[in-house]
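Colleague: Shown below is the structure under consideration.
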Amino acid sequence: MKQFGELSDREILALAITMEEQDARIYRDYAEGLGEAYPASAQVFLGMAKEEDEHRRRLIELYQEQFGEHIPLVRPEDVRGFLRHKPLWLVRPLGLDAVRQQAETIEQEARRFYERAQSRATHASTRKLLGDLAAAEQGHVALADKLGEKHLTRTALEEEEATRERLFVLQVVQPGLAGLMDGSVSTLAPLFAAAFATHQSWETFLVGLAASVGAGISMGFAEALSDDGSLTGRGTPWIRGAITGAMTTIGGIGHTIPYLLGNFQLATSIAIVVVMIELWVIAWVRARYMDTPFLRAAFEVVLGGLIVFGAGVLIGNA
């Protein structure tokens, strides 16, 4: 890798051409990845890609005037000091906030590059163009705002916000809720069966812990392997699986922890209260994100929980 200070005018221009071409491609990838869910923001990135294309054209014309037709391949990764950006443009579906933040970082890096390059260049025409491009990169925030005024209308913003919430529900809330419901409800039977069979806090805790961890692992793998998210838009399968598995374990651990208390009767009373709180939280999430009336959601969740709880008590007293 070369130090930036070792680059000649020819290499500086070649590097600038590569950067502009790379940034334009990244913005087009952003636009392609956002097109279905966030069409207005996609148009903003297409506009920024066209601006980068114009920068590249001006750089190539100047390079041809000074150094001829052959442009050597000088890349940012060949020069010390450049950031390594995460390849967000390869991820599907794209996260709008992450994309906008990374685009801002790319523009800031480009501006700093042109400012340093201008101070290094020896040809007057090169210094002038690099200075113009530094100002242009600084103005890209204004360009984004201008493009946003055109494409990000109130209606478009409302539609994108609705899409953002829909994806959040699809990729985070649904797998998390499925895990919480499974962990909170399915572990009731083994936990309280062990409790009423042994009347021992520690043994009950171990059964609840094993049931919670086992259910979390099982649900996590089941969710991750159910689909890859490419057709359903449910997001990265392993992230979705991790959310489901973690929430399943949490749902079971909540009413298992009280059995760390030595007093069995007190631990059981607290565990029952925790179960009621868990069921209320599940009902609230269903009402908030699944458009289910709260009373209906509460009735369904509590009824299911009571059935499983009763099964555990009956088995434990058998």
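Each reported figure results from applying straightforward, stated rules to the coordinates on display, with no laboratory input. All values reported here derive from a predicted model rather than from experimental measurement. Every residue, glycine among them, receives a Cβ derived from its backbone with ideal geometry; neighbour counts consider all protein chains shown.
Colleague: Based on the mean of other Cβ atoms within 10 Å per residue, sort peptides 67-74, 100-107, 175-182 so the most packed one is first.
Modeller: 175-182, 100-107, 67-74
Colleague: Residue by residue, what Karplus-based ³J(HN,Hα) values in Hz, rounded to whole numbers, does region 259-266 have, using 6.51, -1.76 and 1.60 with θ = phi - 60° and x for Gly and Pro?
Modeller: Here the 3J(HN,Hα) series is 6, 6, 6, x, 7, 5, 5, 5 Hz.
Colleague: Ok, one more. Report relative contact order for region 168-316 in percent, whole number only (criteria: Cα-Cα under 8 Å, sequence separation at least 6).
Modeller: Averaging sequence separation for qualifying contacts and normalising by length gives 34 percent for region 168-316.
Colleague: Give a residue-ordered list of calculated ³J(HN,Hα) values for region 21-32 (Karplus: 6.51 cos²θ - 1.76 cosθ + 1.60, θ = phi - 60°; whole Hz; x for Gly, Pro).
Modeller: Once rounded to whole Hz, the list reads 5, 5, 5, 4, 5, 4, 5, 5, 5, 4, 4, 5.
Colleague: Explain nothing, just compute: Karplus ³J(HN,Hα) = 6.51 cos²θ - 1.76 cosθ + 1.60, θ = phi - 60°, for every residue of region 53-65 in order, whole Hz, x for Gly and Pro.
Modeller: 4, 5, 4, 4, 4, 5, 5, 5, 4, 5, 4, 4, 5
Colleague: Another question about this same structure. Given an 8 Å cut-off on Cα distances and at least 6 residues of separation, report the relative contact order of region 268-314 as a percent.
Modeller: Reported relative contact order: 32 percent.
Colleague: Kindly state, as a whole number, the per residue volume in cubic angstrom of the convex hull around the alpha carbon atoms of region 168-316.
Modeller: Measuring per residue, one finds 91 Å³ for the Cα hull of region 168-316.
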